[in-house]
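Asks: This structure is in structure tokens; I'll ask about it shortly.
The values are calculated or read from the model by the stated rules, or taken from the named source; none is laboratory data. Everything quoted here is computed from the prediction, not taken from an experiment. We place every Cβ from the backbone using ideal geometry, glycine too, and count neighbours over all the protein chains shown.
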Amino acid sequence: MKVKKGDQVKIILGKDRGREGKVKRVLPKENKVVVEGINIAKKHVKPRGEDQKGGIIKVERPLHASKVMVICPSCGQSTRVGYQVDKKGEKYRICRKCETVLSNK
């Protein structure tokens, strides 16, 4: 996957289109990501034991990875992610707009 944990992303489709957030978790087998404060759903929880209360809680649900674009930290634009291999054989993620290195693979 081209999106990694800790990336700043912009939502490009769905009810949260245009909003930005940080990736909390990546689910590569399902091709989904969980973004902080995005795609909030309400979940009904039963009380478990005497110390826990029941009620309705808000939970961040996973989004499909195709609905997000990585925001480049240097140019500040949402961009596609490319890969580049240096002479030592190390692979880097790069911004397609400004060609700067985003992070190691």
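Asks: Within region 1-88, considering only strands (runs of 3 or more DSSP E) that don't extend past its boundaries, which have at least 3 residues that are surrounded by 11 or more Cβ atoms within 10 Å (Cβ to Cβ) and within 13 Å of the chain's Cα centre (by Cα)? Please lay out each step first, then the result.
Replies: Working: elements: 8-11, 20-27, 32-35, 40-45, 55-60, 68-71, 81-85.
Where strands (runs of 3 or more DSSP E) fall fully within region 1-88 and carry at least 3 residues being surrounded by 11 or more Cβ atoms within 10 Å (Cβ to Cβ) and within 13 Å of the chain's Cα centre (by Cα), they are 8-11, 20-27, 32-35, 68-71.
Asks: Out of curiosity, is LYS22 more than 19 Å from GLY6 (Cβ to Cβ), out of contact with any Leu (no Cβ under 7 Å at 6 or more places or on another chain) and either modelled with pLDDT of 90 or more or in the same structural domain as ASP7 (by TED's automatic domain parsing) (or both)? Let's see the steps before the verdict.
Replies: On the way: more than 19 Å from GLY6 (Cβ to Cβ): no; out of contact with any Leu (no Cβ under 7 Å at 6 or more places or on another chain): yes; either modelled with pLDDT of 90 or more or in the same structural domain as ASP7 (by TED's automatic domain parsing) (or both): yes.
Spelling it out, it is not the case that LYS22 is more than 19 Å from GLY6 (Cβ to Cβ), out of contact with any Leu (no Cβ under 7 Å at 6 or more places or on another chain) and either modelled with pLDDT of 90 or more or in the same structural domain as ASP7 (by TED's automatic domain parsing) (or both).
Asks: Another question, then. Considering only region 81-94, state which residues are free of Cβ contacts under 8 Å to residues at least 24 places away in the same chain and not hydroxyl-bearing (Ser, Thr, Tyr). Write out each step before concluding.
Replies: Taking region 81-94 and keeping what is free of Cβ contacts under 8 Å to residues at least 24 places away in the same chain, we get 82-92, 94.
Across region 81-94, the qualifying residues are GLY82, GLN84, VAL85, ASP86, LYS87, LYS88, GLY89, GLU90, LYS91, ILE94.
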